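See structure below.
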C-alpha cells in the first residue's frame, strides 16, 4: 500500500524554457500537419505571437524537472507497475515558443479500487508563464498495479 | 456559428499504424522515457506482451483533431481517461460530437464527447472537450 499520508505534498517547482526546436520535434512526433505548431512564420501569419505548444504539451513539461516523475521515488513506486489512468487540462491562456514556464505539482488525492489491486495517485499541476499568468492547469491520475493483491 | 448544433460531428482523424518508431520518437519528443514504451525486454519483464503506446500520444492525436476543427486559442478544457492500452500496429481513429451548447465566461461554448478507437472499434481513450465558438 502506498503511503496515504503523503496526500497534499507539494513537489519543488521548476522552470522550463519553451524552445522552438522542442516544439517542432513534438509536432513531428505526433504527426502534426498544422504549421502553427512548427513554423514561426505560419504562427505569425495566423495571428499568434510565436509558435504554439500543442494542447497536451504541458504534460511533457512535467518531465522537465530535476527527475522523471518525482512522485515515483517519493512514494517508492516501481515504474514498471505504473499506468496512466486519466488526464485533464484546463486552459486559461496559451504556451508559446520563447516562454519560460513555472511548473508546480502536488499530490491531490490517493485511493484504491478492486480491494487494493489498483491504487490511484492524483497529481495536480499548474503552469505559469514569465508574466505571472496562469496559462494551464492539469490533473493527472496515475494507476499503480499491485499484482500480488 | 449556427451550423454547429447538438449532434454535430467534427471531422475525424485517422492515424498511421503505431510502430516502434512512433513510440521512440514520441518518447524523445515528450520526455516520457518510461522504458515500458520503448524497451521490449523491460516491458516483458513487467508482464506485458511487448512495448505499448503512451496514452499521451493518443491524447495528442485527439488534440490534433480538436485544433484541426477550431484554433487552439478557443480550447478551454480537454480531458480523457485511458480505457484500453494501445498496442503496436494499432490504427487509431479520433472522433468527436457536440453534446451541449452553453454560455460561460461571457462566451458561447460547445461541449464535445471525444473518443479514440482502434481498428477493432475498441475505445482506447474516452473524454470530453470544451471549445469556445
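Okay, here's what the table says:
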| item | result |
| --- | --- |
| Relative contact order of region A:1-138, defined on C-alpha pairs under 8 angstrom at six or more residues apart (%) | 31 |
| Amide N of region B:54-91 lying under 17 Å from the label point, which is placed 7 angstrom from the Cα of residue B:102 along Cα→Cβ | B:75-80 |
| Spin-label proximity, residue B:68 to region A:9-45 - amide N less than 17 Å from point 7 Å beyond Cα toward beta carbon | A:27-38 |
| Projected label distance in nm at residue B:133 and residue A:149, using a 7 Å step from Cα toward the beta-carbon | 4.4 |
| Label-point gap, in nm, between residue A:10 and residue A:64 - each point 7 angstrom along Cα→Cβ | 2.1 |
| Prolate/oblate/rounded call for region B:40-127, Cα gyration tensor, a/c under 1.5 rounded | prolate |
| Stretch gain in nm, segment residue A:113-residue A:133, where the contour uses 0.36 nm per residue and the Cα spacing is subtracted | 3.5 nm |
| Helix axis angle, B:55-69 relative to chain B longest principal axis, alpha carbon, degrees | 30 |
| For the protein assembly as shown, the Rg and Dmax computed from alpha carbons only, in angstrom | 18.5, 56 |
| Label-point separation in nm, residue A:28 to residue B:24, each point 7 Å along Cα→Cβ | 1.4 |
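Rule-based calculations on the coordinates, nothing more; no lab input. Keep in mind it's a predicted model, so treat the numbers as computed, not measured. Cβ atoms come from the backbone with ideal geometry, glycine included; neighbour counts cover every protein chain shown.
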